[in-house]
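The values are calculated or read from the model by the stated rules, or taken from the named source; none is laboratory data. The model shown is predicted, which means the values in this text are computed figures rather than measured ones. Please note: Cβ atoms are built from the backbone with ideal geometry, for glycine as well, and neighbour counts cover all protein chains shown. Please note that ligands, DNA and RNA were not included when accessible areas were found on the heavy atoms of the full protein model with its side chains. Shrake-Rupley method; radii C 1.70, N 1.55, O 1.52, S 1.80 Å.
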Amino acid sequence: DRTILGNYQPDYSWGMTNTFSYKGVELSVMVNGVQGAEIMNQNARFLKSFNGDRNAYQYVTNYWKSEADPGNGLINKPRVTQNTGQSLSSSYWVDDGSFVRIKNIRLGYNLPKSVLNPLNISGLKFYVNLENVHVFSDYSNYDPEGSTYQSGALVGFDYGAYPNPFVATAGVSLTFVGINVND
């Protein structure tokens, strides 16, 4: 029987940004998350089973070995050929896509005006910016936000999409005093 197993669209999305400042030091943190999304993890079709011809997730070692050691009851015995269940869509391939991500951390230092005024500089900030710092999720693949397809019938299917990259940048923001040329 055909059954709807979930929806890639989350029940709700949320985000929060806050900036803290003290004596020229600024710290900005952005956190976002999603609750209630399901992902059809197409990598799991092959990585949640032992076939003898590819890698697998570590937890598939908890397969049925004998009556005395039945494993977790979810993982099939290793086979040389493809499992018949791998060719069919199943709730076994559907993963929870809920997550909490530390999206951005920015730490900066503004030089005091007393140092900048003699140089005709109105602002000088040194900063370090970190993006996609960490994601907290039970999703078994790389990134619950990564989807191979962004539109069409296969949105919500993950065929091993590249995860959101961690990016670290450092920089300097310099602002000069405006010059008034009016008579």
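Structure above, values below:
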| read-out | value |
| --- | --- |
| Filtered residues of segment 111-133 (kept if assigned to a strand (DSSP E or B) and β-branched (Val, Ile, Thr)) | Ile121, Val128, Val133 |
| Residue satisfying all of: in segment 1-38; aliphatic (A, V, I, L, M) and modelled with pLDDT of 90 or more; most open to solvent (accessible area, probe 1.4 Å) among these | Met16 |
| Residue that is farthest from Lys113 (Cα to Cα) [pool: residues in segment 145-174 that are open to solvent by 70 Å² or more (accessible area, probe 1.4 Å) and not in a loop (DSSP other than H, G, I, E, B)] | Ala170 |
| In segment 47-78, residue least open to solvent (accessible area, probe 1.4 Å) [restricted to those that are charged (D, E, K, R) and at pLDDT below 75] | Lys48 |
| Residue match in segment 135-144 (condition: modelled with pLDDT of 80 or more and assigned to a helix (DSSP H, G or I)) | no |
| Top-ranked residue of segment 80-115 - restricted to ones that are open to solvent by less than 30 Å² (accessible area, probe 1.4 Å) and modelled with pLDDT of 80 or more, ranked as farthest from Pro10 (Cα to Cα) | Gly108 |
| Residue match in segment 69-91 (condition: in contact (Cβ under 8 Å) with a residue 24 or more places away in the chain, assigned to a loop (DSSP other than H, G, I, E, B) and under 13 Å from the mean Cα position of the chain (by Cα)) | no |
